[in-house]
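The values are calculated or read from the model by the stated rules, or taken from the named source; none is laboratory data. Bear in mind the structure is a predicted one, so any value in this text is a computation, not a measurement. Counting neighbours? That spans all protein chains shown, and the Cβs are built from the backbone with ideal geometry, glycine included.
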Ligand SMILES: Nc1ncnc2c1ncn2[C@@H]1O[C@H](COP(=O)(O)OP(=O)(O)OP(=O)(O)O)[C@@H](O)[C@H]1O
Ligand SMILES: [Mg+2]
């Protein structure tokens, strides 16, 4: 089914929040069979209130050679709730994932899955502006490629410099910003498909690890056109 990548150009944009919210909303759909959340940034277990996974994760699958079969992916899943299964990051740094073929295999394997897959890719560039090749491939290769960004010029500048062109923007908004939806669309040349206001109930849910269980209403409302 559909693959959706959520990524950012600057840390702390709200990517993990948006990815978990979309996975919850997609996974709750009747007949969906739940959704698969693939964490390539490492914060999903905490935000979902889970203990840090100790076993191998998707980074080990990506660095393994062809002797690890594609369907081994399924055995790495952690059931979070009836709505969401999680493929956690594991312990291998994404910088060590060199094989573009293996990244492509991951995309192909997940495209065959009857469930929708939502990737939390985190930042696809380093602070120094260097591209994280495997993450950029996943960001570009998903059916929907969502840049999560604040309406902040520094974030937009980095997004503009990124070689990945998103299919849509999820704009995390706050009072008093000079840049609004129109300016962001003009600067990046990509449509804003959802505006997510900063809301203290969202921050509290992340801190308490309850985002997957009790999603704040406002967050769900603001993402309904993106999900
Ligand atoms: N809509 C929101 N309202 C209020 N707080 C938010 C919202 N979205 C995110 N936050 C807060 O901002 C912080 C960063 O959010 P999040 O972890 O989702 O960003 P990120 O882009 O995944 O960061 P990283 O680059 O570290 O992976 C979190 O502490 C979270 O509580
Ligand atoms: Mg994150």
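When you go through 154, 160 one by one, which is the residue that is part of a helix (DSSP H, G or I), in contact with a helix residue (DSSP H, G or I) (Cβ under 8 Å, 6 or more places away or on another chain) and loosely packed, with under 14 Cβ neighbours inside 10 Å?
That would be 160, the only listed residue that is part of a helix (DSSP H, G or I), in contact with a helix residue (DSSP H, G or I) (Cβ under 8 Å, 6 or more places away or on another chain) and loosely packed, with under 14 Cβ neighbours inside 10 Å.
In the range 85-102, how many are assigned to a loop (DSSP other than H, G, I, E, B) and in contact (Cβ under 8 Å) with a residue 40 or more places away in the chain?
Within the range 85-102, residues that are assigned to a loop (DSSP other than H, G, I, E, B) and in contact (Cβ under 8 Å) with a residue 40 or more places away in the chain number 2.
Just need a number here: residues in the range 31-60 that are out of contact with any strand residue (DSSP E or B) (no Cβ under 8 Å at 6 or more places or on another chain) and either more than 16 Å from ligand 1 (Cβ to nearest atom) or touching a residue at least 40 places away in the same chain (Cβ under 8 Å) (or both).
Residues that pass the stated criteria total 10.
Go through the residues of the range 141-148 one by one and say whether even a single one is in contact (Cβ under 8 Å) with a residue 40 or more places away in the chain, within 30 Å of residue 92 (Cβ to Cβ), more than 17 Å from the chain's Cα centre (by Cα) and crowded, with 16+ Cβ neighbours inside 10 Å.
no
Within the range 124-151, how many residues are closer than 25 Å to residue 225 by Cβ and assigned to a strand (DSSP E or B)?
Here the count works out to 7.
Which residue, of 30, 100, is modelled with pLDDT under 95 and in contact with a helix residue (DSSP H, G or I) (Cβ under 7 Å, 6 or more places away or on another chain)?
After applying the criteria, what remains is 100.
Hey, could you check the range 74-84 for residues that are surrounded by fewer than 21 Cβ atoms within 10 Å (Cβ to Cβ) and in contact (Cβ under 8 Å) with a residue 24 or more places away in the chain and say which is farthest from residue 39 (Cα to Cα)?
Among those residues, the one meeting the criterion is 82.
(1) out of contact with any helix residue (DSSP H, G or I) (no Cβ under 7 Å at 6 or more places or on another chain); (2) more than 17 Å from residue 12 (Cα to Cα); (3) modelled with pLDDT of 95 or more; (4) surrounded by 14 or more Cβ atoms within 10 Å (Cβ to Cβ): which one isn't true of residue 217, the others all being true?
Result: residue 217 passes all but (4).
Looking only at the range 1-46, count every residue that is closer than 16 Å to residue 113 by Cβ, over 12 Å from the mean Cα position of the chain (by Cα) and within 16 Å of ligand 2 (Cβ to nearest atom) and tell me the total.
Residues flagged as closer than 16 Å to residue 113 by Cβ, over 12 Å from the mean Cα position of the chain (by Cα) and within 16 Å of ligand 2 (Cβ to nearest atom) within the range 1-46 amount to 0.
Filter the range 85-121 down to the residues that are within 16 Å of ligand 2 (Cβ to nearest atom) and closer than 18 Å to residue 5 by Cβ and list them by number.
86, 87, 88, 89, 94, 118, 119, 120, 121
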